[in-house]
There are 2 protein chains.
Amino acid sequence: MIRLVGLDPGLRRTGWGVLEVAGSRLRPVACGVVAAPERGSLARRLEALYGALEEVLRAFEPVEAAVEETVVNRNPATSLKLGQARGVALLAAARAGIEVHEYAARRIKQAVTGTGGASKEQVWRMVQVLLPGIPIPNGDAADALAAALCHAHHRSSLAAFAGGRR
Amino acid sequence: MIRLVGLDPGLRRTGWGVLEVAGSRLRPVACGVVAAPERGSLARRLEALYGALEEVLRAFEPVEAAVEETVVNRNPATSLKLGQARGVALLAAARAGIEVHEYAARRIKQAVTGTGGASKEQVWRMVQVLLPGIPIPNGDAADALAAALCHAHHRSSLAAFAGGRR
């Protein structure tokens, strides 16, 4: 049995979701959102985000992480802000000794809903169906669990390729 | 006497420069570039960048940091990559207990060369003139020292506004 964490980084809110994988069985452990304070310098906000993620990772001890790949069809200012939060989230995982896997948004949606063009609401609904047993409070937590689900589905093939294409 | 550090974040190379300020006197202490490995996962590269910056900050113990404000006139993919490195650099400073100040690129160029539209080469040349005594190996280290210089010039007025507009 191992634990995976999915992360959906954002400066104001970063979604997270932890799954347990035992063979082909998946069990949701916990999910939620860590919120950085809306005020204060950017550096302090990033520090708060990092600290909150560090606590989640320490509490649930996942050994692998999944995160959506860079979305580039946005404006540069948004991409820069998202990048700063994303860098901090990836760093928190790396410094916790967690291997981070990145998946394209379409691939995550496909893994969860069967279609790469699913809406955020469709993803949330399907994640609740696929992972009954814990309440999923919002779309960011659902997106994080969706990334973890996608990774759970692909990790055996990834393991076969370890050190190769990735 | 206090020490300031300027940072010029980038995923492949992050410039840094440390100044000593005693009254109106400025003395360059050291500068350089920390380079993240070109290979490996993004998370591991960010971890290496963070670790290298952490060492620099530990070695020179600056108490305030200056960094160029977000440049948004780039494409989203570039902005996202820059953002990830920038988030990690800001975090390294914040977690070292260093107060981070951000300055617009034009303001930094103006402080160093007298004109907001100066080229990277002009900035490098003027930083070498203004801070003799240490070799400045490249433009990224020069940009970092330029940010520190700009902060040194403005910090007394910033101190007066502390807790106010910023």
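Residue check: B:Ala144 meets all listed conditions (1) at pLDDT 95 or above; (2) in a loop (DSSP other than H, G, I, E, B) but one, namely (2). Checked against (1) part of a strand (DSSP E or B); (2) surrounded by 21 or more Cβ atoms within 10 Å (Cβ to Cβ), B:Arg3 passes all but a single condition, namely (2). Restricting the range A:80-108 to residues that are over 24 Å from A:Ala36 (Cβ atoms) and in a helix (DSSP H, G or I), the residue that is most open to solvent (accessible area, probe 1.4 Å) is A:Arg106. Within the range B:8-30, the set of residues being open to solvent by 10 Å² or more (accessible area, probe 1.4 Å), within 16 Å of B:Leu49 (Cα to Cα) and in a strand (DSSP E or B) comprises B:Asp8, B:Arg13, B:Trp16. Consider the range A:48-65. How many of its residues are without any contact (Cβ under 8 Å) to a residue 60 or more places away in the chain and among the β-branched types (Val, Ile, Thr)? Looking only at that region, the number is 1. Would you call A:Arg45 free of Cβ contacts under 8 Å to residues at least 60 places away in the same chain and closer than 13 Å to A:Leu149 by Cα? For A:Arg45, the condition - free of Cβ contacts under 8 Å to residues at least 60 places away in the same chain and closer than 13 Å to A:Leu149 by Cα - is not met. B:Ala111 meets each of the listed conditions (1) in a helix (DSSP H, G or I); (2) under 29 Å from A:Glu54 (Cα atoms); (3) open to solvent by 10 Å² or more (accessible area, probe 1.4 Å) apart from (2). State yes or no: is B:Ala77 facing another protein chain (nearest Cβ under 9 Å), surrounded by 23 or more Cβ atoms within 10 Å (Cβ to Cβ) and not acidic (Asp, Glu)? For B:Ala77, the condition - facing another protein chain (nearest Cβ under 9 Å), surrounded by 23 or more Cβ atoms within 10 Å (Cβ to Cβ) and not acidic (Asp, Glu) - is not met.
The values are calculated or read from the model by the stated rules, or taken from the named source; none is laboratory data. Small disclaimer: the values here were computed from a predicted structure and weren't measured. Note that each Cβ is placed from the backbone with ideal geometry, even for glycine, and that neighbours are counted across all protein chains shown. The accessibility values were calculated without ligands, DNA or RNA, using every heavy atom of the protein model including side chains. Shrake-Rupley method; radii C 1.70, N 1.55, O 1.52, S 1.80 Å.
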